[in-house]
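Since the structure comes first, as structure tokens, the remarks are kept for the end.
Read-outs throughout are calculated quantities, based only on the coordinates presented, and are distinct from any laboratory measurement. Note that the coordinates shown come from a computational prediction; the quantities given were computed from them, not determined experimentally. All Cβ positions, even for glycine, are placed from backbone atoms using ideal geometry, and neighbour counts span all protein chains on display.
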Amino acid sequence: MKGFWWKIAGVLLFLYVLIGGMIIPIKSGITSVTPNNAKSGEQLTFNVVGYNTNFLSATKVRAWLKLDSIHAISATEIEKISENDAKFAFSIPSNFPTKEAVQPLTLIVDTDIDGVFVQPNAIFVTLSDSAVISSEAWMSSAIGQFSEVKGIKFPYRNILNETIRNTFFHIALWFAMFILLIAGVYHAVRFLNTGDMVHDIKSAAFNKIGIMYGVFGLITGSIWAKFTWDTFWTSDVKLNMTAIAMLIYLAYLVLRGSSSDHDRRAKLSASYSIFAFVALIPLVFIIPRMTDSLHPGNGGNPALGGDDLDNTLRLFFYPSIIALALLGTWMSQLLIRYEKLKEKILLKNQ
Amino acid sequence: MKKFLSLTFISLCGILPLMAQGNSLDFLRSTGKIYSVVTVIAVIFIGITILLYRLDRKLTKLENQIKNEQ
């Protein structure tokens, strides 16, 4: 049992992430609003399709169209069709407080069960030529007293939908990979300092599992991209640079397999793994941040903050990193034990 | 090992064109794209299984080596 607790901890943490990460529901959101355009002064009914909403069960449903922080109109009539479908009628004022030809309006819905949820730029209103600048018919700062969301729920993001749960697997895999590769580079340095073959074995094992996690990260990212960007691979900087970093690391495996002389192999692979790790940092962290990127967390595209990683997601994201790092260490440990045994037999035979 | 790898490759060759078709992806996209998460977890699981399988084979080889020496 001694020395086994962290393996159990890793398994239990990953189980917690799997179960909790899959059963906690996503907050309510709006998937579509039809029609999505209108003319000023029109009386219109919009068909709203919600996701995870409870329009029928909710006793109080309110809806607004918001122009800016102080101008909004509230729905004149609300018709509930089903839990996820409702009709909202709005009379769009003929006069707007600003004179722009096309004005985007944000739909805000508040129910006593699901709390408040919004669809930005839900409706585009084209102003007629006779419209004058006036904020009459627009109520000022009347939106308020929103209902609270009950219980723990993950944020709803358009396009992402349920795939936001991939945060616990795809992103955590990369973080865990970094922990393993840092362990690999640490043992590589220790080997070069001491010349102790144990450090060579450890460095190789941590690097191997780290590379495996990196390959998992690329595959899972590719699957996620298929569902959100509708393509397995794009020529995005983040994707290409990460692929290059992984290729550099794959060359490490080739290098280790190429030499049968143990001392030479150990020295070469230790120095190469330091080079590969140093190359990984600019390729993954710096270059993608210097240009525009589709991938969150790069080039002015924020991630790990706001609704992409709120406190409910953090509840599973951080344990997932720890769990994957612990499981990775376990797998590395098995490789280390195997290699040590192999060396022992080799020495005995000589 | 070679047999296993070629088997995985062949099964992947069978699955990928299926996935590329609109219909099966529509199924994977249903209920808020939840099946993408299932696919991701499956990939991690299959990967770890392959690692375990390879380690198993390597250990068997080592065991046989010890057995032959005795």
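Descriptive notes on the structure:
- Simple rule: put +1 on each Lys or Arg Cβ and -1 on each Asp or Glu Cβ in region A:161-349, find the dipole, and look at A:188, A:229, A:349; the Cα lying farthest toward the positive end is A:349.
- Cross-link partners of residue A:344 among lysines, defined as those whose alpha carbon lies under 23 angstrom from its own and excluding same-chain residues fewer than eight positions apart: A:202, A:208, A:267, B:58, B:61, B:67.
- Taking each DSSP H run with n ≥ 4 as -39500 (n - 2.57) and averaging over every residue of chain A yields -16000 deg cm²/dmol at 222 nm.
- Three-way shape label, chain A, alpha-carbon gyration tensor, a/c 1.5: prolate
- The amide H of residue A:56, built 1.01 Å from its N in the peptide plane, has A:83 as neighbours under 5 Å, considering only residues 5 or more places off or on other chains.
- Based on Cα contacts under 8 Å between residues 6+ apart, chain A shows a relative contact order of 18 percent.
- Mean Cα-pair separation over length for region A:29-140, i.e. relative contact order, pairs under 8 Å, 6 or more apart, %: 33
- In this structure the amide hydrogen of residue A:308, modeled in the peptide plane, comes within under 5 Å of no amide hydrogen from residues 5 or more places off or on another chain.
- Gain in span if fully extended, residue A:197 to residue A:343, counting 0.36 nm per residue against the direct Cα distance: 51.6 nm
- Projecting the Cα positions of A:168, A:122, A:103 onto the charge dipole of the protein assembly as shown (unit charges on Cβ atoms of Lys, Arg, Asp and Glu, taken about the Cα centre) puts A:168 furthest along the positive direction.
- Summing Cβ point charges (Lys, Arg +1; Asp, Glu -1) relative to the Cα centre of region A:161-349 gives a dipole of roughly 860 debye.
- Under 5 Å, built H, 5+ apart or other chain: amide partners of residue A:234: none
- Between residue A:159 and residue A:87, the contour length at 0.36 nm per residue exceeds the alpha carbon distance by 23.7 nm.
- Per-residue Cβ neighbour rank within 10 angstrom, fewest leading, B:55, A:67, A:160: B:55, A:67, A:160
- Cα-projected label distance for residue A:49 with residue B:51, points at 7 Å along beta-carbon direction, nm: 4.0
- In straight-distance terms, cross-link reach from residue A:238 covers every one of the lysines whose alpha-carbon lies under 17 Å from its own, apart from those fewer than eight places away in the same chain; here that gives A:226.
- Gyration tensor (alpha-carbon) shape descriptor, region A:237-347, a/c threshold 1.5: oblate
- Each of A:233, A:64 was scored by other Cβ atoms within 10 Å of its Cβ. Arranged with the fewest first, they read A:233, A:64.
- Hits among lysines - C-alpha to C-alpha of residue A:99 under 19 Å, sequence gap 8 or more where chains match: A:39, A:66
- For residue A:250 and residue A:129, the FRET efficiency from 1/(1 + (r/R0)^6), where r spans their Cβ atoms and R0 equals 56 Å, is about 0.30.
- Per-residue Cβ neighbour rank within 10 angstrom, fewest leading, A:156, A:186, B:53: B:53, A:186, A:156
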